[in-house]
Amino acid sequence: MATAEKAKQKSDVTLHYLRPGKKFPSVWCPGCGNGVVMGSLIRAIDNLGLSKDEVVLVSGIGCSSRLPVYLDFNSLHTTHGRALPFATGAKFAQPHMKVIVITGDGDALAIGGNHFIHACRRNIDITAILINNHIYGMTGGQGSPTTPGGTFSTTTPYGNVEKHFDPCSLAAAAGATFVARSTVYHEPQLQKLIGQAISHRGFSLVEAISNCHTYFGRLNRKGDAVAMFDAFKERAVPVGKASKMTEEELEDKIVTGVIHNVEKTEFCDEYQKVVDAHMGEK
Amino acid sequence: MPARERKLLQGNQACVHGAIYAGMRFFAGYPITPSTEVAEMSARLLPRIGGRFIQMEDEIGSIAAVVGASISGLKSMTATSGPGYSLMLENIGYAYMTETPCVIVNVQRGGPSTGLPTKVSQSDTMQARYGPHGDYCAIAVAPSTVADTVTETIRAFNLAERFRTPVTVLLDEVIAHSRELIYLPEEGELEIYNRVKPTASPEEFEAFALTPNGVSPMPSYGEGYRYNVTGLTHDTHGFTTNRVDEIPVKLEKLRHKIADYTDEIEKIRVEHMDDAEVAIIAYGSAARAALQATDIARKVGAKVGAVQLYSIWPFPDAKLKELCGRCKKVIVAELNMGQLITEIERIMPDKQITTLQRYDGEILTPLQVVKKIEEVL
Amino acid sequence: MTDADTTGKPGPQSKYDYSKGPAPLEINMTWCKACNICIALCPKQVLEPDRNGKPVQARPENCTQCTLCWIHCPDFAITSNYK
């Protein structure tokens, strides 16, 4: 197919995945990166040729967690911080389903932190897309576990005295077997990484750095959506190049690409071996 | 009739046998005295029948996994005790709002807080009713023997599937850890209820459609019915709503689908009540002492009757009023500082109601109940 | 700021040769939230904000179908029309 033809086919592919009967446009602020991630996810699923019936989108609570309702998949909008255990139940009960969790920095790393590290440790075949906008958007701009030290939010009005952690290194340390990061500016890369994550057998994390110009941007003078997109472009450093840079050089940089990728036995597969070995015993 | 399987089991183990008989194929739990054996037995038995067991990182994760598994298509259960049940409340409320069938076993122990992990109590009675936030309608059943635990767990699953809602089994440490010789029901002997499947085509399917009995058909994942589930108040399509005309529709559906069918839920054991002047009302292990005390009292000619509640919530107002109509006096025996009694006082204001409480971690004895009867007579 | 109508169609003053086919892009003005991302990211300045800040194809002849606009549209308000 000529690239132009492919371009045409791809540009409206997202429209075939929108949930019938749901009102558009989305609830998100104009220019919110969540919409870009939603487009990336759709195109990644489309490229993989997954059927709509086999995809389960699970989310917690927060701006990013409003994503699943907009898409024509099985969608499960759960409670704050609990998307991963809900997803674990759905996946473990129906292992043939492709279970993808949509979560945010607050949802996954603050209230959901305990479930996050255990889902990684278990290496259950779930893809978690963590949309990191460094703030609690839904509740109006409070600091989150990824809000950088010194930056402002409605609960760090004098500058955040706390340090933030990096979800990717946390996930890799906890046992996730595929970890990658990109930004909403680098949509083609984000789409590719999401596709790789979904195909990977085991727990996959894709961190999508996103803009919240309504709160983080405004409270820290980072400008509007366009300005924050530009900043992502400037700050991004491919993982290969970053490995040759010092910590100081990497200060405030966003290391993008596949950060961790190993093959390990997967939770549902291992449990199935137990079932196969003991089925029918009295 | 092939002989039923004869087993010496403790309550916690019997609970798993009942759950499996009812079709439970997914268990997620977290260790907590005095319920841990339910998890241990599930871990052992489920692989043998192609089921799935997972020990989650905490009780919140356990109930979340149970609800996720049930929505995806498997009958699911968790078991815990007071502290764990407290942690599960938000997601039990989520199961209620999303109309997801599941069973939560609360093996009650001394409370509040860490309390008396190895001691018996019934002090979570009201929590089972009012625990989750919001206008929540509970269904809670309560066995009093190991044999009961099998049948009540089966009933809990049937009620969960029938009403598409979370059902609590109120066990306690005494029943959970007592061993009794029981006979397991034969396959096909007891009726098993399964959630109603949709007949509409995926295009016409309305996930939370209003139906005559208020219970919407429920597909499993991968059956071509892709729909949205959310804990946010939602319309009949499962889409979030803030509309004043739609919010009450959802809440009333959740309530009336249960409140209008309590006859399918209520279950009461009645002993010697025909000419009783004094009625003893109790559930669970307290009911054991009440029943024995009533026999003793009857032997010496006292007109005493016993009423054991197998279904605690919804509370059987009408039935109890009718049963105790002739009695002048009522004794409420419970292992807490007075919880069930507030319901009895609410529905029988005219009667002389006496409380018999024990909350020192030990089980009520028949002798204690007999003494209370003498006091009241 | 062009005074083109707010339908996202190319403005009257554009040099676009319609004999070759429709405009390169289609813009869904009801879904567009005027976030300005597409206008800013377009390497050929094809798009300009109308009086509501929503994109109008002011220089459609410059469009190279590079996809940057519609892959970054958070509301799927742009589709490419290129044949």
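Here is a check on your reading of the model: is residue B:276 away from chain A (no Cβ under 11 Å), part of a loop (DSSP other than H, G, I, E, B), under 22 Å from residue A:70 (Cβ atoms) and modelled with pLDDT of 95 or more?
Against the criterion (away from chain A (no Cβ under 11 Å), part of a loop (DSSP other than H, G, I, E, B), under 22 Å from residue A:70 (Cβ atoms) and modelled with pLDDT of 95 or more), residue B:276 does not qualify.
If the Cβ limit is 7 Å and pairs must be 6+ apart or interchain, which residue in the range B:262-278 that is under 18 Å from residue B:312 (Cα atoms) pairs with which residue that is open to solvent by 60 Å² or more (accessible area, probe 1.4 Å)?
B:266/B:319; B:268/B:319
Can you tell me which of (1) out of contact with any helix residue (DSSP H, G or I) (no Cβ under 9 Å at 6 or more places or on another chain); (2) closer than 24 Å to residue B:332 by Cα is the one residue B:171 doesn't meet?
With respect to (1) out of contact with any helix residue (DSSP H, G or I) (no Cβ under 9 Å at 6 or more places or on another chain); (2) closer than 24 Å to residue B:332 by Cα, residue B:171 is out only on (1).
If only one of A:71, A:41, A:48 is of a type outside the set (Val, Ile, Thr), open to solvent by 30 Å² or more (accessible area, probe 1.4 Å), under 28 Å from residue B:65 (Cα atoms) and in contact with a helix residue (DSSP H, G or I) (Cβ under 7 Å, 6 or more places away or on another chain), which one is it?
None of the other options fit; the residue is A:48.
When the range B:60-105 is examined, which residues are found to be open to solvent by 10 Å² or more (accessible area, probe 1.4 Å) and of a type in the set (Val, Ile, Thr)?
Across the range B:60-105, the qualifying residue is only B:60.
Return the total of residues in the range B:224-267 being within 14 Å of another protein chain (Cβ to nearest Cβ) and of a type in the set (A, V, I, L, M).
Adding up the residues that qualify gives 2.
Evaluate the following for residue B:29: is it away from chain A (no Cβ under 13 Å) and under 18 Å from residue B:171 (Cα atoms)?
Taking the combined requirement at face value, the residue does not satisfy it.
Being under 30 Å from residue B:241 (Cβ atoms) and part of a loop (DSSP other than H, G, I, E, B) narrows it down to one residue among B:90, B:99; which is it?
None of the other options fit; the residue is B:99.
Only residues that are under 28 Å from residue C:74 (Cα atoms) and open to solvent by 80 Å² or more (accessible area, probe 1.4 Å): list them for the range A:225-274, please.
Correct list: A:233, A:234, A:252, A:253.
Check the range A:151-164 and report whether any residue there is of a type outside the set (A, V, I, L, M) and within 14 Å of chain C (Cβ to nearest Cβ).
No, the range A:151-164 contains no residue that is of a type outside the set (A, V, I, L, M) and within 14 Å of chain C (Cβ to nearest Cβ).
For the range A:103-137, name all the residues that are at the interface with chain B (Cβ under 10 Å from one of its Cβ atoms) and closer than 21 Å to residue B:52 by Cβ.
A:115, A:118, A:119, A:121, A:122, A:124
For the range A:145-154, indicate whether the set of residues that are under 19 Å from residue A:194 (Cα atoms), open to solvent by less than 10 Å² (accessible area, probe 1.4 Å) and not in a loop (DSSP other than H, G, I, E, B) is non-empty.
no
Which one is surrounded by the fewest Cβ atoms within 10 Å (Cβ to Cβ) among residues in the range A:74-93 that are facing chain B (nearest Cβ under 7 Å) and touching a residue at least 24 places away in the same chain (Cβ under 8 Å)?
Taking the candidates together, the pick is A:75.
Go through the range B:116-144 and give me each residue that's surrounded by fewer than 21 Cβ atoms within 10 Å (Cβ to Cβ) and out of contact with any helix residue (DSSP H, G or I) (no Cβ under 7 Å at 6 or more places or on another chain).
Selection gives B:116, B:117, B:126, B:129, B:130.
Just to be sure I understand, how many residues within the range B:23-56 are part of a loop (DSSP other than H, G, I, E, B) and buried (at least 20 other Cβ atoms within 10 Å of the Cβ)?
Counting residues in the range B:23-56 that are part of a loop (DSSP other than H, G, I, E, B) and buried (at least 20 other Cβ atoms within 10 Å of the Cβ) gives 6.
Determine whether the range A:96-108 contains at least one residue that is open to solvent by 10 Å² or more (accessible area, probe 1.4 Å), touching an Asp or Glu at 6+ places or on another chain (Cβ under 9 Å), under 30 Å from residue B:26 (Cα atoms) and not in a loop (DSSP other than H, G, I, E, B).
Within the range A:96-108, one or more residues are open to solvent by 10 Å² or more (accessible area, probe 1.4 Å), touching an Asp or Glu at 6+ places or on another chain (Cβ under 9 Å), under 30 Å from residue B:26 (Cα atoms) and not in a loop (DSSP other than H, G, I, E, B).
So that you can scan it fast, the table gives a plain yes or no per residue for (1) part of a loop (DSSP other than H, G, I, E, B); (2) under 12 Å from the mean Cα position of the chain (by Cα); (3) on the phi > 0 side of the Ramachandran plot:
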| residue | (1), (2), (3) |
| --- | --- |
| C:44 | yes, yes, no |
| C:52 | yes, no, no |
| C:56 | no, yes, no |
| C:65 | yes, yes, yes |
| C:70 | no, yes, no |
| C:73 | yes, yes, no |
| C:76 | yes, no, yes |
| C:79 | no, yes, no |
| C:82 | yes, no, no |
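Results for (1) surrounded by 24 or more Cβ atoms within 10 Å (Cβ to Cβ); (2) among the aliphatic types (A, V, I, L, M); (3) touching a strand residue (DSSP E or B) at 6+ places or on another chain (Cβ under 9 Å); (4) within 16 Å of residue A:130 (Cα to Cα), shown as yes or no for each residue.
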position	(1), (2), (3), (4)
A:177	no, no, yes, yes
A:184	yes, yes, yes, yes
A:189	no, no, yes, yes
A:194	yes, yes, yes, yes
A:203	yes, no, yes, yes
A:206	yes, yes, yes, yes
A:214	no, no, no, no
A:217	no, no, no, no
A:220	no, no, yes, no
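Quick test of your reading of the structure: residue B:195 fulfils all but one of (1) within 22 Å of residue B:257 (Cβ to Cβ); (2) out of contact with any Asp or Glu (no Cβ under 7 Å at 6 or more places or on another chain); (3) outside the structural domain of residue B:111 (by TED's automatic domain parsing); (4) open to solvent by less than 50 Å² (accessible area, probe 1.4 Å). Name the failing condition by number.
If we test residue B:195 against (1) within 22 Å of residue B:257 (Cβ to Cβ); (2) out of contact with any Asp or Glu (no Cβ under 7 Å at 6 or more places or on another chain); (3) outside the structural domain of residue B:111 (by TED's automatic domain parsing); (4) open to solvent by less than 50 Å² (accessible area, probe 1.4 Å), just (2) comes out false.
Identify the single condition in (1) surrounded by fewer than 23 Cβ atoms within 10 Å (Cβ to Cβ); (2) within 11 Å of chain A (Cβ to nearest Cβ); (3) modelled with pLDDT of 90 or more that residue C:45 does not satisfy, given that it satisfies every other one.
All conditions pass for residue C:45, except number (2).
What are the residue pairs meeting all of these: first residue in the range A:15-43, first residue under 22 Å from residue A:208 (Cα atoms), second residue among the charged types (D, E, K, R), Cβ atoms under 6 Å, and 6 or more apart or on different chains?
Within 6 Å, the pairs are A:17/A:72; A:25/C:75; A:27/A:66; A:30/C:33; A:35/C:75; A:36/A:187; A:40/A:187.
Quick check on my filter: what residues within the range A:19-37 are farther than 21 Å from residue C:68 by Cα and either within 9 Å of chain C (Cβ to nearest Cβ) or open to solvent by 60 Å² or more (accessible area, probe 1.4 Å) (or both)?
A:20, A:21, A:23, A:24, A:27 - these are the residues of the range A:19-37 that are farther than 21 Å from residue C:68 by Cα and either within 9 Å of chain C (Cβ to nearest Cβ) or open to solvent by 60 Å² or more (accessible area, probe 1.4 Å) (or both).
Go through (1) open to solvent by less than 10 Å² (accessible area, probe 1.4 Å); (2) within 14 Å of another protein chain (Cβ to nearest Cβ) for residue B:282 and report which single condition fails.
(2)
The values are calculated or read from the model by the stated rules, or taken from the named source; none is laboratory data. Values in this document were obtained by computation on a predicted structure and should not be read as measured data. Note that we place each Cβ from the backbone using ideal geometry, even for glycine, and neighbour counts take in every protein chain shown. Remember, those area values only see protein heavy atoms, side chains included, never the ligands or the DNA or RNA. Shrake-Rupley method; radii C 1.70, N 1.55, O 1.52, S 1.80 Å.
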